[in-house]
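K.L.:
Once you've had a glance at the structure underneath, I'll fire off some questions.
The values are calculated or read from the model by the stated rules, or taken from the named source; none is laboratory data. Keep in mind that this is a model prediction, so the values were computed, not measured. In this analysis, Cβ positions are derived from the backbone assuming ideal geometry, glycine residues included, and neighbour counts consider all displayed protein chains.
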Amino acid sequence: MELELTERIDNLCDYTYNFTWQNNKLRPESIIPFQEGTSYTYQDLVDEVRKGKEVHIIGSAGKRLAYSMGVDLTHFGGTGAPENAGKVYVEGDVSQEMGMGMVSGEIYVKGAVEEPVGNVVEVMSDEPGYRKFRSITDILCGGLGKDVLVKNNFDEREKHLLLDDGVLRGTIAARCNCDALVTVDGDVYNGTGLLMQKGTVHVRGDAGMNTGAHLDGGTVIVESTTGEFAGAYMKKGVLILKDAKGFVGANMKDGAIFAKKKVKTAPPVEELSMAQEDAKLLMKYLDIGHVEAMGYHKYGIVKERLVRMRDGSVVVRKVD
């Protein structure tokens, strides 16, 4: 499929349709504007990629190109699991947030790619004149295959990806469902560890908004400060940070959040008592001593409370 554009258009090959189609801002069946000689809809492009085929964009692409590419989204009745995806070619430049939440498929770009980018890393291209990008999650769980990283380093045996190229990325390791490690030598953009089920992301700098949002297992570590809404909608897993802007744990269901500094929480999250197993966990991930580990603050959902009865006895009751 070939699409020639005279203007940059946002959300091309975006599996989520910007998550706003129900509010009439962007519908899957809407015809993409500024086409030359074709009348493709946003859904036509997504359907083509989901079939494992190629989409060629003649011109430059706007923001959020290939958002959540390779995901059978539950938002549209799917399983939420990764699925195979095809290839997207852009014969121009690409604006910010390319490949946010992307878990499979390949993106080829002839021009410049504006930061921040999403869950992608550049590999040596097999198409002359193009730069090639793959999903970080796909590499972590499926390996590099014949591809070679342009920068950075991936230890395939240890499943350890070191990102030290200075590129600002968001949604790193989104939906990762394998035991792997990503170390980021620097800052990251929004949504780090989004919907992770397994694995660890260790950020040696600051992180943006929604760090650990919808975390469903695994561990996200931020050595400095996170943006607003860290740990929002967490289902399980561990989020470790030094400090956070705004409130943490909004609508959290389960899991644990550890912070070196006291942070603000939103109900039903409360500060919990640190236990020895919590200290051991922090010592393992942060390479710190026991005293420093016990100085951290733990936050989560209170599952049981001590209730004093009328006769003076105390019983433990579960909290609904």
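K.L.:
Within segment 36-47, which residues are touching a Ser or Thr at 6+ places or on another chain (Cβ under 8 Å) and closer than 15 Å to CYS13 by Cβ?
P.N.:
Once the filter is applied, which keeps residues that are touching a Ser or Thr at 6+ places or on another chain (Cβ under 8 Å) and closer than 15 Å to CYS13 by Cβ, segment 36-47 yields THR41, TYR42.
K.L.:
Can I ask one more? Assess whether LEU282 counts as being assigned to a helix (DSSP H, G or I) and surrounded by 16 or more Cβ atoms within 10 Å (Cβ to Cβ). Break it down stepwise before answering.
P.N.:
Values: assigned to a helix (DSSP H, G or I): yes; surrounded by 16 or more Cβ atoms within 10 Å (Cβ to Cβ): yes.
When the stated conditions are applied, LEU282 passes them.
K.L.:
Going residue by residue through segment 303-313, is there one that turns out to be of a type in the set (Val, Ile, Thr), over 16 Å from THR211 (Cα atoms), modelled with pLDDT under 95 and crowded, with 17+ Cβ neighbours inside 10 Å?
P.N.:
no
K.L.:
In addition: Residues of segment 7-65 being surrounded by 16 or more Cβ atoms within 10 Å (Cβ to Cβ) and small (Gly, Ala, Ser), which ones?
P.N.:
GLY59, SER60, ALA61, GLY62
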